[in-house]
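In what follows, a structure is listed as structure tokens, so that the remarks can point back to it.
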Amino acid sequence: MITSKVISNGILRALSTILIIGIILYFLYEIQTVIVYLCISLLLCLIANPLVQFLKSKLKFSNSLAAATTLIIFILAIVGFIFLFVPLIISQANNLSLLDTNQLQHQFVETELSIERYFNIQHMDLNKVLRDSKVTSMLDFSYFTGFLNSILNFMADMGMGLVSVFFITFFFVKDQDSFKITARKILPDNNEDKIINSVTKINHFLTRYFIGLLLQLTVVFILYLIVLIIFGNKNAFVIAFLCSILNIIPYLGPIIGTVLAAILTMISLIGQDFRSEILPTTIYVVIGFLIVQAIDNNISQPIISSKSVNSHPLEIFLLTIISGILFGIVGMIIAIPVFTMVKVILKEFFPNNKIVSVLTERI
């Protein structure tokens, strides 16, 4: 028989459960930065694992020495990545310092008149249009100060974040065997094997995925480099490297890379004739980059991504697009690794479910 005491106790338990869940969610929200550090450290641990195993098995390094060596390699790679762009920044700054604004304005006016004559367009006074639209009165230059402060704060947070991530990663890499032993003691006995198998498979697939991603970026880098060298870009290596890194962002990254390559190409050609040198060369570079993107999007990316995580290319495409719509750029980047993890877990815990069996038939 249900009494008022039973009902009140049930309500109290429900309210207590909701309160506890709310406190936990609030706590997780407050420490979201730490959670991000942990996730990045786990990702770096997965990437570093093949190198660590090589150092331990082939070179007989201890756990601490292998972990330290791996992190030093990561740090050197980041430092090298930063210094790689110093020559590019210096050369572009020199190009801008040598810029003849009067000559550039004259070339712009001449180009505008040529386009108008070619397409039979009535002459338009751009300065008058800008004055009539009152765009300049709408600009608030105080935003520039806030923007600079934001950059400085971002750099400070980035430095603190890198130190924290590398510190956590060191212990993840060094003590991963101890963590596995401890996890076996904590995990419930009835699901212990399933969880361990899931972690092992996830580690395997994500390692393959990152190797495949590295292969894809290498292919794109080589093709970009060929295009830039053909058209005589002075900073071909650096620009190709930067634009290939942007390819980590599916579909949107190549567009950003193409725009960036066009801008850097135009800056590197400053001082030459706009119509006969700068504009044609920039157009050729953009066309070359579009051809590379067509090859990457239709051949290398679907094949490498699908082979590395055992998923159909159409599945990868739809998953990336949907993740981009729902979660933006970050969603597009993490869509494939997260989806792979979910599929492995579903197959391990629900192997007899029809929907799960269809989704995970390639795993």
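A few points about this structure:
- Tabulated pairs, region 39-60, first more than 14 Å from F170 (Cβ to Cβ) and among the basic types (K, R), second in a helix (DSSP H, G or I) and open to solvent by less than 70 Å² (accessible area, probe 1.4 Å), C-beta under 7 angstrom, 6+ apart or interchain: K56/A66
- Lone qualifier among Y209, Y224 - being assigned to a helix (DSSP H, G or I), in contact (Cβ under 8 Å) with a residue 12 or more places away in the chain and within 17 Å of the chain's Cα centre (by Cα): Y209
- Count of region 1-57 residues which are part of a helix (DSSP H, G or I), modelled with pLDDT under 80 and surrounded by fewer than 11 Cβ atoms within 10 Å (Cβ to Cβ): 6
- Looking only at region 348-360, and only at residues there that are assigned to a helix (DSSP H, G or I) and over 28 Å from the mean Cα position of the chain (by Cα), the one that is farthest from S311 (Cα to Cα): F349
- Residue in region 250-268 that is closer than 22 Å to L214 by Cβ and not in a helix (DSSP H, G or I) present: yes
- Residue check for N298: at pLDDT below 75 and open to solvent by 20 Å² or more (accessible area, probe 1.4 Å): yes
- For region 204-220, residues that are open to solvent by 40 Å² or more (accessible area, probe 1.4 Å) and either within 22 Å of T360 (Cβ to Cβ) or in contact with a Leu (Cβ under 9 Å, 6 or more places away or on another chain) (or both) total 4.
- Any hit, region 310-317, residues being part of a helix (DSSP H, G or I), within 30 Å of L346 (Cβ to Cβ) and among the hydroxyl-bearing types (S, T, Y): no
- So I239, is it β-branched (V, I, T) and closer than 22 Å to H312 by Cα: no
- Of the residues making up region 133-183, those that are at pLDDT 70 or above and either among the basic types (K, R) or in a loop (DSSP other than H, G, I, E, B) (or both) are K174, D175, K180.
- Considering M341, M332, the condition of being within 20 Å of L46 (Cβ to Cβ), in contact (Cβ under 8 Å) with a residue 40 or more places away in the chain and open to solvent by 40 Å² or more (accessible area, probe 1.4 Å) is satisfied by M341 alone.
- Cross-chain or 6+ apart pairs with Cβ under 7 Å, region 308-322 first and within 11 Å of F339 (Cβ to Cβ) and without any contact (Cβ under 8 Å) to a residue 24 or more places away in the chain, then open to solvent by less than 40 Å² (accessible area, probe 1.4 Å) and hydroxyl-bearing (S, T, Y): I316/S305; I316/S306
The values are calculated or read from the model by the stated rules, or taken from the named source; none is laboratory data. Since this is a predicted model, take the numbers as computed values, not measurements. For neighbour counting, all protein chains shown are included, and Cβ atoms are generated from backbone atoms with ideal geometry for every residue, glycine included. The accessibility values were calculated without ligands, DNA or RNA, using every heavy atom of the protein model including side chains. Shrake-Rupley method; radii C 1.70, N 1.55, O 1.52, S 1.80 Å.
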